[in-house]
Amino acid sequence: MERAIESLDAILIDLPTIRPHKLAMHTMKGQTLVIVRLRCRDGIEGLGEATTIGGLSYGMESPESIKQNLDTYFAPLLIGQDAGNINAIMHRIERSVRGNTFAKSAVETALLDAQGKRLGIPISEVLGGRLRDRLSVAWTLASGDTGKDIEEAEHMLEIRRHRIFKLKIGAGEVHKDIAHVAAIKRALGDRASVRVDVNQAWSESVAITACKALGDAGIDLVEQPIPRHDPLALARVSARSPIPIMADEAIESVEDAFGLARSAAAPIFALKIAKNGGPRAVLRTAAIAQAAGIGLYGGTMLEGGIGTMASAQAFVTLPQLSWDTELFGPLLLTEEILATPLIYQDFHLEVPNLPGLGLTLDEERFAYFRRDRSHTTVSLR
Ligand code: MUC
Ligand code: MG
């Protein structure tokens, strides 16, 4: 069979970040990308990415466990199968693998990339077609220092890269976090939308009081203020908050999204391909949200260019994305493994109309940054 899958490789790539990125549960000093290379008998290669944040501190899969599971359990299910039948392959995986949505997302992306290349169309077209060619992108201010964050935001506004800012809070005392957020909003005024991500750090009672204070400070949105596991508690916070609440960690599958919609837990959902099992899977969560009148936001797990473009290719097919996106992952990294980096300009990420993901690896740099590298020279850009 021409389109049979010949091999699946999962490679860990360690890259530095431009500065420490401070989240409630973890401070990132680098990022590990898990890159999937799926090769088919017709000579086509599909690329995918299964990147998470902070080892096991954010999600239930670590980069190392994702690689191990791809090597041990996914590869034997894939080899010899028809890469052109994505429904059949994902169904086959679904029958044998519980959870592991990050690994599923990388495989689904690689299959879509291969299919797009084979047909000469972008992934957005494999998914039914796009409604736009670019996406507005938020930036996360997470240096841990109010003055530095304001400087960073001013710079982003000046170079016209971002005008939506997400502030990572929840690690410190609540009143200090609120003062930090209010100072940033005061400095930026109407020039920017300011939102916060608490990454599950508050209790329900703290969240109710804090959301009122954040509303008074002019904040537009509060992301995942309380732990992920209680949709009814999130619904109570949503009902009492003057500003909209967004579910992020609460969605670890399409089924989670359905449960949250049923409980009226939050008026906005963060869409992440890694949390749902791929670009097609995330569109199922989007459909649930749309049917329930829930607003959408294009989220990230701070992937590099491959995972970011895979997300973008899915998001451009959506009729509405009222809260825009945060697809800035590659901009947090100091190094690039793609031959041509993604294009960010005029507050947007461009989503090119090229076959598949439209991306090519820089093989020399890819070899240099892989954790198991065998040689150590590279020309720095
Ligand atoms: C998260 O919780 O949303 C997305 C942007 C960012 O800075 O962190 C991630 C994870
Ligand atoms: Mg979040």
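The values are calculated or read from the model by the stated rules, or taken from the named source; none is laboratory data. Worth saying up front: this structure is predicted, and the values here are computed from it rather than measured. Note: ideal-geometry Cβ built from the backbone for every residue, glycine included; neighbour counts use all protein chains shown. Side chains included, ligands, DNA and RNA excluded: accessible areas come from the protein's heavy atoms. Shrake-Rupley method; radii C 1.70, N 1.55, O 1.52, S 1.80 Å.
Tabulated values for the structure
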| read-out | value |
| --- | --- |
| Förster-model FRET efficiency, 35 Å R0, Ala264 and Arg3, C-beta, rounded to 0.05 | 0.20 |
| Surface share of carbon and sulfur [accessible, 1.4 angstrom probe, percent] for the chain | 51 percent |
| Residue-normalised accessible area of the range 126-350, expressed per residue, 1.4 Å probe, Å² | 35 Å² |
| Summed residue charge, Cβ within 15 Å of Arg118's Cβ, Lys/Arg positive, Asp/Glu negative | -3 |
| Rounded to whole Hz, the Karplus (6.51, -1.76, 1.60) HN-Hα couplings of the range 325-332, x for glycine and proline | 9, 10, 7, 9, x, x, 6, 8 |
| Farthest toward positive dipole pole in the range 229-381 [+1 Lys/Arg, -1 Asp/Glu at C-beta], among Ala367, Thr317, Ile243 | Ile243 |
| At 1.002 mPa s and 20 °C, Stokes diffusion of the range 126-350 via Kirkwood alpha-carbon radius, µm² per second | 121 µm²/s |
| Rounded accessible area of Leu221 (nearest 10 Å², 1.4 Å probe) | 0 Å² |
| Estimated [θ] at 222 nm from DSSP helical runs (n ≥ 4, -39500 (n - 2.57)) normalised by residues in the chain, nearest 500 | -11000 deg cm²/dmol |
| Length gained when the stretch Lys29-Asp346 is fully extended (0.36 nm per residue, less Cα-Cα span) | 111.3 nm |
| 14 Å beta-carbon shell around Leu321, net charge (K/R +1, D/E -1) | +1 |
| Where only C-alpha atoms are counted, convex hull volume of the range 257-318 per residue in Å³ | 70 Å³ |
| Nitroxide proxy distance, nm - points 7 Å out along Cα→Cβ at Thr334 and Arg370 | 2.3 nm |
| Pairs of alpha carbons in the chain whose separation is greater than 37 Å (percent) | 17 percent |
| Magnitude of the charge dipole, the range 126-350, Cβ model with Lys/Arg +1 and Asp/Glu -1, debye to 20 | 600 debye |
| Label-point separation, Asp71 to Arg160 (7 Å along Cα→Cβ), nm | 4.7 nm |
| Charge tally in the Cβ shell below 13 Å around His21, where Lys, Arg are +1 and Asp, Glu are -1, His21 excluded | +1 |
| Fraction of beta bridges assigned by DSSP in the range 126-350 that are antiparallel (%, nearest 5) | 20 percent |
| Label-point gap, in nm, between Arg95 and Lys176 - each point 7 angstrom along Cα→Cβ | 5.5 nm |
